[in-house]
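The values are calculated or read from the model by the stated rules, or taken from the named source; none is laboratory data. Here the structure is a predicted model, which means the values were calculated and not measured. Please note: Cβ atoms are built from the backbone with ideal geometry, for glycine as well, and neighbour counts cover all protein chains shown.
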Amino acid sequence: MSVFFYYKMQHVINITEFIQQAEHVPIIDVRSPGEFAKAHIPNAINIPLFTDEERKIVGIRYKENGRDQAIFSGLDIVGPKLKLFIKQALKIAPDKNVLIYCWRGGMRSKSMAWLLDFYGFNVSILSGGYKKYRNYALKSFEKQAEIVILGGKTGSGKTIILNKLRKLGEQIIDLEKIANHKGSAFGSIGEKEQDSTEFFENKLFHEWNKLDFNKRVWLEDESHSIGRNFIPNALFDQMRNSRTIFIDISKELRIEYLVNEYAIFGNEVIENALKNINKRIGNNNYKTTLEALNNNNYKAVTDISLQYYDKAYLYGLSKRDQELVSKIEFNHMDFEIIAKKIIEIENQRV
């Protein structure tokens, strides 16, 4: 069959069907590398139709000379790449079954879909493209969930407890893991570079969309920002109005826990983090922590830092509806026992 006479109606699917298929079908993002790097649908692979510079060239041609001339420019750029596109797609999807999206589900995704379809791929295009996905993802956080907040002062091991809850059959969302940040001035230590807030939201939606909304879900008590990422407003509002179980663990135990967590990263890393709270702990306290750090007195460094963090956390907790806050004291840090206890308390409440 001649390429000039080949035509097949392209398969365009809605966002709901796209997300369902994305659980088991490879996703190709044909936007430019810059667009992809800013944020994309989780698990998508970038096969850009144009580089960032090429996209700019086509855009200028469109503004100056109109659609037809922009298409000619695009064809000049894309033509030599057609074979490469097919090879890249085969690596991603050797069974020739793929999902494709661009910004609006327009010319870029349809062009790539035509090429791969011609080669024998089974291709589905996301209607409305990435823009549709973003709107759908952000809207999803308005869905009401039975959220239980796990609270506790800094160093209470809340993230570990969350994961113990998961192993005991509870639903959790680990916001700090998704954000690559532990939420304090020391939160970036030992973590990967944070993504954009947009990609954080996409990854969060990927987990949120898996939930069974007939069951409770546990989230750690967080401020609106986790490092430089922000929790979507709709979800944060739900979190602030949800039941909170506050794990009250002594400062001595928390200091020991935090020293074990952070001292291994070295004094230079810790000093850089301390600079972020210099003004908050006060100049005299800051000088004292630096002296303690130089003497490898990590307990003293942690003790002074917690004076600020404990005060800040309790202030935030006081802003919650106190009728929704349950305080449980523990004289140990056996996280599995703690997890079992708070499940028991929640089950009795129901």
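Within segment 258-350, considering only helices (runs of 4 or more DSSP H) that don't extend past its boundaries, which have at least 1 residues that are among the aliphatic types (A, V, I, L, M) and touching a Lys or Arg at 6+ places or on another chain (Cβ under 9 Å)?
Correct list: 283-294, 298-318, 335-349.
Can you find a residue that is under 30 Å from the mean Cα position of the chain (by Cα), surrounded by 12 or more Cβ atoms within 10 Å (Cβ to Cβ), farther than 23 Å from Ser223 by Cα and of a type outside the set (A, V, I, L, M) anywhere in segment 270-277?
Within segment 270-277, one or more residues are under 30 Å from the mean Cα position of the chain (by Cα), surrounded by 12 or more Cβ atoms within 10 Å (Cβ to Cβ), farther than 23 Å from Ser223 by Cα and of a type outside the set (A, V, I, L, M).
Among the acidic types (Asp, Glu), out of contact with any helix residue (DSSP H, G or I) (no Cβ under 6 Å at 6 or more places or on another chain), more than 19 Å from Asn276 (Cα to Cα) and in a loop (DSSP other than H, G, I, E, B): is that true of Asp212 in this structure?
yes
Quick one: what pairs do we get from segment 329-345, first residue under 23 Å from Ile255 (Cα atoms), second among the acidic types (Asp, Glu) and outside any helix (DSSP H, G or I), C-beta under 6 Å, 6+ apart or different chains?
Glu329/Asp248
When segment 189-201 is examined, which residues are found to be buried (at least 20 other Cβ atoms within 10 Å of the Cβ) and either under 19 Å from Lys158 (Cβ atoms) or of a type in the set (A, V, I, L, M, F, W, C) (or both)?
Answer for segment 189-201, where residues must be buried (at least 20 other Cβ atoms within 10 Å of the Cβ) and either under 19 Å from Lys158 (Cβ atoms) or of a type in the set (A, V, I, L, M, F, W, C) (or both): just Phe200.
Is there any pair linking a residue in segment 122-136 that is assigned by TED's automatic domain parsing to the domain that holds Gln21 and buried (at least 22 other Cβ atoms within 10 Å of the Cβ) to one that is aromatic (Phe, Trp, Tyr) and at pLDDT 95 or above, with Cβ under 6 Å and at least six apart or on different chains, and which?
What qualifies is Leu126/Phe18; Leu126/Tyr101; Gly129/Tyr101; Gly129/Trp103; Tyr130/Tyr101; Tyr130/Trp103.
Do we find that Gly152 is buried (at least 22 other Cβ atoms within 10 Å of the Cβ), farther than 23 Å from Glu336 by Cα and modelled with pLDDT of 95 or more in this structure? Walk me through how you get there before you give the answer.
Values: buried (at least 22 other Cβ atoms within 10 Å of the Cβ): yes; farther than 23 Å from Glu336 by Cα: no; modelled with pLDDT of 95 or more: yes.
Against the criterion (buried (at least 22 other Cβ atoms within 10 Å of the Cβ), farther than 23 Å from Glu336 by Cα and modelled with pLDDT of 95 or more), Gly152 does not qualify.
Just checking, which of Leu258, Leu211, Leu235 is surrounded by 14 or more Cβ atoms within 10 Å (Cβ to Cβ), in contact (Cβ under 8 Å) with a residue 60 or more places away in the chain and closer than 22 Å to Thr289 by Cβ?
When all the criteria are applied, what remains is Leu258.
Just checking, which of Leu150, Leu138 is touching an Asp or Glu at 6+ places or on another chain (Cβ under 6 Å) and within 25 Å of Trp218 (Cα to Cα)?
Testing whether each residue is touching an Asp or Glu at 6+ places or on another chain (Cβ under 6 Å) and within 25 Å of Trp218 (Cα to Cα) leaves just Leu150.
Mind counting the residues in segment 278-307 that are surrounded by fewer than 17 Cβ atoms within 10 Å (Cβ to Cβ), in contact (Cβ under 8 Å) with a residue 24 or more places away in the chain and closer than 20 Å to Leu253 by Cβ?
2
Identify the single condition in (1) outside the structural domain of Ser32 (by TED's automatic domain parsing); (2) in contact (Cβ under 8 Å) with a residue 60 or more places away in the chain; (3) of a type outside the set (S, T, N, Q) that Glu176 does not satisfy, given that it satisfies every other one.
Only one criterion in (1) outside the structural domain of Ser32 (by TED's automatic domain parsing); (2) in contact (Cβ under 8 Å) with a residue 60 or more places away in the chain; (3) of a type outside the set (S, T, N, Q) is unmet by Glu176, namely (2).
Quick one: is Asn296 modelled with pLDDT of 95 or more and on the phi > 0 side of the Ramachandran plot? If you could, list the steps in order and put the result at the bottom.
Numbers: modelled with pLDDT of 95 or more: yes; on the phi > 0 side of the Ramachandran plot: yes.
The answer is yes for Asn296.
Taking segment 18-34 only, how many residues are touching a residue at least 40 places away in the same chain (Cβ under 8 Å), touching a strand residue (DSSP E or B) at 6+ places or on another chain (Cβ under 8 Å) and in a helix (DSSP H, G or I)?
Here the count works out to 2.
Within segment 230-255, count every residue that is touching a helix residue (DSSP H, G or I) at 6+ places or on another chain (Cβ under 8 Å) and either more than 14 Å from Lys139 (Cα to Cα) or not assigned by TED's automatic domain parsing to the domain that holds Ala179 (or both).
Total meeting the criteria: 11.
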